[in-house]
Amino acid sequence: MLVRLTGSFFVFAACFRLSAANFTVSGVVVNSLTSEPLSHALVQSTGAEQKVAFTGQDGRFQLEGVPQGTVFFVAQKPGFFDPGGRRSPVRVGSDTSLVTIKLAPESSIEGRVTDRDGEAIEGLTVQCMHQSIMNGRKTWQMTGGAQTDETGNFHLQGLQPGSYLLRTGSQPLFPNFNFQNANDSLPQQAYPPHFYPDAADLSSAQPLILHPGETARADFSITPVPAFRVSGMASPAQGRIFGTVQSGEGGQPNSGFMVDPRTGAWHTPALPAGSWNIVLQSVRGTDSSFYAEQSVNVTSSDIKNVQMHLEPLASIPVNVVSAAPADQRQVQIQLMADVQSLENNRMFGSSRSPQNLNETPMVRSVPPGTYTAFAMPYGGGCLASISAGGVDLTRSSLVVAAGGQPAPIDVTLEDNCASIQGQVHMDNPAANASVILAPSSHAIQPQATGLQEDGSFTFNRISPGDYRLYAVSTADGLEYGNPEAMRQVDGVSVTVTAKQKATVTLTLVARDGN
């Protein structure tokens with residue numbers, strides 16, 4: 001019997017009776033690419049009683065005393081990973097057989113960074129970003145980095161398959177020499193930010209596609225260019241203020257610098273010509289965060305006397321109205337920036353102080369910008385409305401202005417949750433098939449759920465409103481939170497009313513996971 005588990009584990013469960021309700025489970029862990037057995041892998045069963053065993057030299061393991069019933073089997077081994085997918089339960093009993101678990105080898109990227117003369121560049125940072133789906137939208141997440149050694153070589157290890165962006169940071173040609181104290185008139189040079197294979201900005205970058213167990217090669221050739229400093233004053237000059245320089249196209253911070261705590265004076269490292277964002281941040285006490293950001297366009301000379309005033313970051317109260325008891329009148333608010341960039345993909349969530357769980361929840365330290373607000377009730381009730389300062393956040397974005405105090409986020413919950421259940425027609429069974437529920441409300445996150453063995457599915461505790469449902473053979477790589485991307489996928493529209501139990505029928509859409 002073939003069973004698909006989360007992480008693309010393939011399981012043939014084999015058990016031998018020990019007693020009326022316990023069994024010995026035997027199996028093997030193998031490399032998914034070569035089918036070679038993997039020794040010293042940790043195998044664990046879940047369920048009512050967890051059992052643990054290590055594989056031997058032949059990759060085989062044995063778990064004794066596994067209770068009869070629904071069990072999951074997982075395996076771990078350094079240098080290998082769970083290939084992804086949806087975990088399905090295994091029924092342990094007298095009619096199951098040998099367990100085979102497949103793990104995929106990790107991948108890596110290696111390369112060399114040289115200048116125009118082929119000479120090695122030492123100490124240059126290489127940033128690695130992985131494309132993933134967050135809240136149903138594609139985003140680039142930092143997944144590591146490395147510095148080049150004295151030969152210009154770098155090595156990024158422990159990577160999973162997928163699309164990656166590689167980017168070198170900006171660095172002065174002589175990073176350990178202080179031109180500011182030596183002679184301002186001396187010409188300076190720097191290595192500019194550089195995307196693999198040969199791009200100056202994100203829009204021209206070419207993703208590197210990494211396969212399981214692959215060691216990909218990524219070499220850079222970078223020519224130094226004239227560089228200039230940006231300097232100025234920060235006010236108020238209180239506490240420890242830390243500055244970062246970010247490329248204007250949305251890159252990760254290239255370098256950091258400190259602000260003089262006595263005078264507020266600051267200056268950046270030498271920067272190549274281009275658009276840059278100067279960011280100053282300060283934390284004063286447990287709840288006081290201050291922030292300033294200034295865009296500058298570096299052309300052919302130093303930029304001086306940039307004045308930056310740090311303003312307190314916004315902390316937004318969350319007020320909840322509900323007929324439910326106080327301990328069930330709870331909702332988690334998450335803010336996601338409408339304009340995503342390489343350094344601006346963080347989610348901001350509401351929280352209470354651990355010392356006072358009865359206080360009003362707050363979304364703390366939110367930088368200026370526009371945000372989509374997601375409301376996730378828990379404990380009881382479904383979302384009826386969410387607004388801030390009279391703005392309906394189910395249709396509009398939350399605007400956080402610099403130095404201002406936004407209006408509280410007001411949430412109304414009602415005990416009127418609906419459900420949607422249905423059936424998916426499949427010409428060919430798809431082990432990773434998913435059903436996606438996409439709401440019309442901006443404040444409700446899209447959901448994805450797997451199918452039961454008979455092709456059925458259920459979404460419980462959903463707010464009344466308009467939705468669109470999609471059945472896909474795999475949700476891997478699908479930007480299901482982006483309405484424009486989902487226009488390419490056939491779906492069914494459904495409107496559910498208060499406490500309704502709606503039923504739908506869907507046809508599976510075949511996808512290759514890209």
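The values are calculated or read from the model by the stated rules, or taken from the named source; none is laboratory data. What you see is a predicted model, and the numbers here were worked out from it, not measured in a lab. Here the Cβ positions follow ideal geometry from the backbone for every residue, glycine too, while neighbour counts run over all protein chains shown.
Looking only at the stretch 278-310, count how many residues are surrounded by 15 or more Cβ atoms within 10 Å (Cβ to Cβ), touching a Gly at 6+ places or on another chain (Cβ under 7 Å) and either under 25 Å from P192 (Cβ atoms) or assigned by TED's automatic domain parsing to the domain that holds P361 (or both).
Residues that pass the stated criteria total 6.
Could you grab the pairs with beta carbons closer than 7 Å, sequence gap of 6+ or different chains, first residue in the stretch 200-221 and closer than 30 Å to S35 by Cα, second one part of a loop (DSSP other than H, G, I, E, B) and aromatic (F, W, Y)?
Note: pairs meeting the criteria are L208/Y196; A218/Y196.
Name the pairs: first residue in the stretch 482-500 and closer than 14 Å to N460 by Cα, second residue of a type in the set (A, V, I, L, M), Cβ to Cβ under 8 Å, at least 6 apart or on different chains?
As it stands, the answer is V496/A418; V496/I420; V496/I462; V496/A502; T497/A418; A498/A418; K499/A418; Q500/A418, since those pairs meet every condition given.
What single numbered condition from (1) closer than 30 Å to A407 by Cβ; (2) outside the structural domain of P377 (by TED's automatic domain parsing); (3) not in a strand (DSSP E or B) fails to hold for P261?
Here P261 clears every test but (1).
Quick check on the stretch 29-56: of everything there that is modelled with pLDDT under 90 and surrounded by 17 or more Cβ atoms within 10 Å (Cβ to Cβ), which residue is nearest to G450 (Cα to Cα)?
By that ranking, first place goes to G47.
Rundown of residues vs (1) modelled with pLDDT of 95 or more; (2) over 20 Å from I386 (Cβ atoms), yes/no style:
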site: V472; (1), (2): no, yes
site: L478; (1), (2): no, yes
site: A485; (1), (2): no, yes
site: T495; (1), (2): yes, no
site: Q500; (1), (2): yes, yes
site: R511; (1), (2): no, yes
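What pairs come out if I take residues in the stretch 222-234 that are buried (at least 21 other Cβ atoms within 10 Å of the Cβ) and pair them with residues that are part of a loop (DSSP other than H, G, I, E, B) and of a type in the set (S, T, N, Q) whose C-beta lies under 7 Å away, six or more apart or interchain?
Short answer, once both residue conditions are applied: A227/Q188; V230/T268.
Has the stretch 98-105 got any residue that is outside any strand (DSSP E or B) and not assigned by TED's automatic domain parsing to the domain that holds S45?
Taking the stretch 98-105 as the starting set, the residues that turn out to be outside any strand (DSSP E or B) are 98.
Next cut, not assigned by TED's automatic domain parsing to the domain that holds S45 only: none.
Checked the stretch 98-105: no residue is outside any strand (DSSP E or B) and not assigned by TED's automatic domain parsing to the domain that holds S45.
So which strands (runs of 3 or more DSSP E) stay within the stretch 406-471 end to end and still have 1 or more residues that are of a type in the set (F, W, Y)? Lay out the reasoning, then the answer.
Details: elements: 409-414, 418-425, 434-439, 447-450, 456-462.
Here the list reads 456-462.
Among the candidates L451, L413, single out the residue that is farther than 23 Å from V318 by Cα and modelled with pLDDT under 95.
On the way: L413 fails: farther than 23 Å from V318 by Cα.
Among L451, L413, only L451 is farther than 23 Å from V318 by Cα and modelled with pLDDT under 95.
Filter the stretch 88-131 down to the residues that are closer than 30 Å to D454 by Cα and among the hydroxyl-bearing types (S, T, Y), then identify the one that is modelled with the lowest pLDDT.
To start, the set of residues in the stretch 88-131 that are closer than 30 Å to D454 by Cα comprises 88-104.
Narrowing the set further to residues that are among the hydroxyl-bearing types (S, T, Y) leaves 88, 94, 96-97, 100.
Details: S88: 54, S94: 71, T96: 67, S97: 69, T100: 83.
Filtering first and then ranking leaves S88.
Select from the stretch 404-418 the residues that are within 23 Å of T360 (Cβ to Cβ), small (G, A, S) and surrounded by 14 or more Cβ atoms within 10 Å (Cβ to Cβ) and list them in ascending order.
First, the residues of the stretch 404-418 that are within 23 Å of T360 (Cβ to Cβ): 404-415.
Filter once more, so that each one left must be small (G, A, S): 404, 407.
Across the stretch 404-418, the qualifying residue is only A407.
How many of the residues making up the stretch 350-371 are modelled with pLDDT of 85 or more, part of a strand (DSSP E or B) and out of contact with any Phe, Trp or Tyr (no Cβ under 8 Å at 6 or more places or on another chain)?
Looking only at that region, the number is 3.
If you take the residues in the stretch 120-138 that are over 10 Å from the mean Cα position of the chain (by Cα) and among the small types (G, A, S), which one is farthest from H442 (Cα to Cα)?
Top of the filtered list is A120.
Collect the residues in the stretch 98-113 that are polar (S, T, N, Q) and crowded, with 18+ Cβ neighbours inside 10 Å, keeping them in residue-number order.
First, the residues of the stretch 98-113 that are polar (S, T, N, Q): 100, 107-108.
Answer for the stretch 98-113, where residues must be polar (S, T, N, Q) and crowded, with 18+ Cβ neighbours inside 10 Å: T100, S107.
Which of the residues spanning the stretch 126-138 are at negative phi and surrounded by fewer than 18 Cβ atoms within 10 Å (Cβ to Cβ)? So that I can check it myself, show each step before the final result.
Step one: list which residues in the stretch 126-138 are at negative phi, which gives 126-134, 137-138.
Those that are at negative phi and surrounded by fewer than 18 Cβ atoms within 10 Å (Cβ to Cβ): Q131, S132, I133, M134, R137, K138.
Given the criterion more than 26 Å from Q332 (Cα to Cα) and surrounded by 18 or more Cβ atoms within 10 Å (Cβ to Cβ), identify the matching residue among A510, A433. Please lay out each step first, then the result.
On the way: A510 fails: surrounded by 18 or more Cβ atoms within 10 Å (Cβ to Cβ).
Of the residues listed, the single one that is more than 26 Å from Q332 (Cα to Cα) and surrounded by 18 or more Cβ atoms within 10 Å (Cβ to Cβ) is A433.
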